[in-house]
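Student: Structure incoming, see below.
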Amino acid sequence: MTTKGKRILLIIGGGIAAYKCLDMIRRLRERGHTVRTIMTKAAHEFVTPLSVGALTNERVFTDLFNLDDEREIGHIRLARDTDVVVVAPATADLIAKMAGGHANDLATAVLLATDKPIVVAPAMNPSMWQHPATQRNVAQIQNDGVEVVGPGIGEMAERGEAGVGRLVEVPELIAAIEQRLNPTKYESAKPLAGKHVLITSGPTHEPIDPVRYLANRSSGKQGHEIAAAAHRLGARVTLISGPVSLPEPNGINLVRVVTAAEMLEAVQQAMPADIAVFAAAVADWKLAKPKSEKIKKSSSGEPPALKLAENPDILKLIGHLTKARPTLVIGFAAETEDVIANARKKLKSKAADWIVANDVSPESGVMGGDRNTVHLVSRAGVESWPEMHKSEVAAQLMARAAETVSPRRTAAE
Ligand code: CTP
């Protein structure tokens, strides 16, 4: 869906990723939007006002105390004559200033003066992102109603550095901006308001000894997207996640766990729920007796025998509850062959209402990737969905769930 002809005020911060703004401006204009820009002083080190102005076809604003700028359009009008304010790349410093309510330059003054939605796309070194000060500031601006998009995971401009901190890709940022400009009528109706949605996500790690563990390749992306989608529909969301390197989603109660046993305990504590989605790739087995000391190589060269024990099946336990069972229990089936037949078996054996089945064979690229092709298996039959971004799978799944648990609210749509 394109949101045509909106006014976007883009604040370009001082980071290497600033060059991506040039591409974003071009694409936003192709989509019919007008883009006005403010560049912070630091942004000038990375892109020039000349190139930004050439792409926006508008004057570039830079200085709070520039008489010409103020005469042409005062900073208060600049802050309000727009439909959305976007900050990209948002540096740790700019986010800190926003959190503190500073207004000592044009960008921060406009951010304080605006009455329009604000979308912030952070980009910084992973250590700066993970610093408690940055995390505190991000949580603060989110509490203030700012939407934070990303950062993404990957290689950084600094050689050899990788982790969470990259500016999200331009198409993802444009999608978030347009979403903010025009939340669907459906999302605005908040069909999951008053409902509690519980989601498990990510892998679990099962200790072998203090330094080693059993794990799997789940990234947690699909589960986290489902949490975000449920939140957008107005639900109270508890996201119980195994170890992942994803940013903490906005407005959601995140419970971090490591092992399957911890995940089960967290699920039981978070109950009751109206909808429970089991997207985690829970390890089926744990070590029967994890060692409390690091296992050493034996002098005979014989490898250690690791005796495994079965983990609790969380979905199965919740699916079979007779008291306080969630209205809708949704499981996933990660399969490398006979996807639908295996999903049907799981639907029955785990007493789920729906199973979202996906092919996780290495060729599919699902594990760790951004896209997913799923089949929704229920007692009513099988629906095969086209390949979609994991966020779209999440949005559709939660919209469907909302129709099931709150039919009255959505019928009014
Ligand atoms: N699941 C769970 N607890 C477990 C194992 C699986 O809650 N101990 C849930 C998963 O979150 C998912 C569903 O069960 O929703 C199916 O997971 P999957 O790994 O596909 O199936 P398994 O039951 O592990 O069966 P198998 O590995 O034999 O295919």
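What follows draws every value from the coordinates through simple rules; no lab data is involved. Keep in mind that what you see is a predicted model, and the values were worked out from it rather than measured. Cβ coordinates were reconstructed from backbone atoms using ideal geometry, including for glycine residues, and neighbour counts include every protein chain displayed.
Student: Angle check, please: helix 19-30 long axis (alpha carbons) against the longest principal axis of the chain (alpha carbons), in degrees 0 to 90, nearest 10.
Tutor: Helix 19-30 sits roughly 80 degrees off the main axis of the chain.
Student: Only four residue types carry charge here, +1 at the Cβ of Lys and Arg and -1 at the Cβ of Asp and Glu. Report the dipole size of the chain about the Cα centre in Debye, rounded to the nearest 20.
Tutor: 1020
Student: Over 32 Å between Cα atoms, which of LYS6/LYS190; LYS190/LYS345; LYS316/LYS390; LYS221/LYS348 qualify?
Tutor: The pairs that break the limit, which is 32 Å between Cα atoms, are LYS190/LYS345.
Student: Another question about this same structure. Below 15 Å, Cα to Cα, which aspartates and glutamates can LYS323 reach? Residues fewer than 8 away in the same chain don't count.
Tutor: Within reach: ASP274.
Student: For region 7-189, take the convex hull of the Cα atoms, compute a quarter of its surface area, and give me that in nm², please.
Tutor: Hull-based average projected area comes out at 10.3 nm².
Student: Next question. What ranking do 240-251, 321-332 get when scored by the average of other Cβ atoms within 10 Å per residue, highest first?
Tutor: 240-251, 321-332
Student: Using a simple charge model, +1 on the beta-carbon of Lys and Arg, -1 on the beta-carbon of Asp and Glu, nothing else, what dipole does region 7-189 show about its Cα centre, in debye to the nearest 20?
Tutor: With only Lys, Arg, Asp and Glu charged at Cβ, the dipole is about 240 debye.
Student: Considering only the other residues whose Cβ falls under 11 Å of the Cβ of THR37, what net charge follows from Lys and Arg at +1 and Asp and Glu at -1?
Tutor: Combined, the nearby Lys, Arg, Asp and Glu give +1.
Student: List the lysines whose Cα sits under 19 Å from the Cα of LYS97, skipping any in the same chain fewer than 8 residues away.
Tutor: Output for LYS97: LYS41, LYS116.
Student: May I ask you to evaluate 6.51 cos²θ - 1.76 cosθ + 1.60, the Karplus curve with θ = phi - 60°, for each residue of region 329-343 and list the ³J(HN,Hα) values in order in whole Hz, giving x for glycine and proline?
Tutor: Result, rounded to whole Hz: 10, 10, x, 10, 10, 8, 10, 10, 7, 6, 3, 6, 4, 5, 5.
Student: Right, next: Among 46-52, 192-198, what's the highest-first ranking by average C-beta atoms within 10 angstrom per residue?
Tutor: Sorting 46-52, 192-198 by mean packing, highest first, produces 192-198, 46-52.
Student: Which value at 222 nm does the chain reach when only helices count, each DSSP H run of 4 or more adding -39,500 (n - 2.57), with the total divided by all residues and rounded to the nearest 500 deg cm²/dmol?
Tutor: -9500 deg cm²/dmol
Student: Determine, for each peptide in 87-95, 353-361, 335-343, 54-62, the mean count of other beta carbons within 10 angstrom over its residues, then list the peptides with the highest first.
Tutor: 87-95, 353-361, 54-62, 335-343
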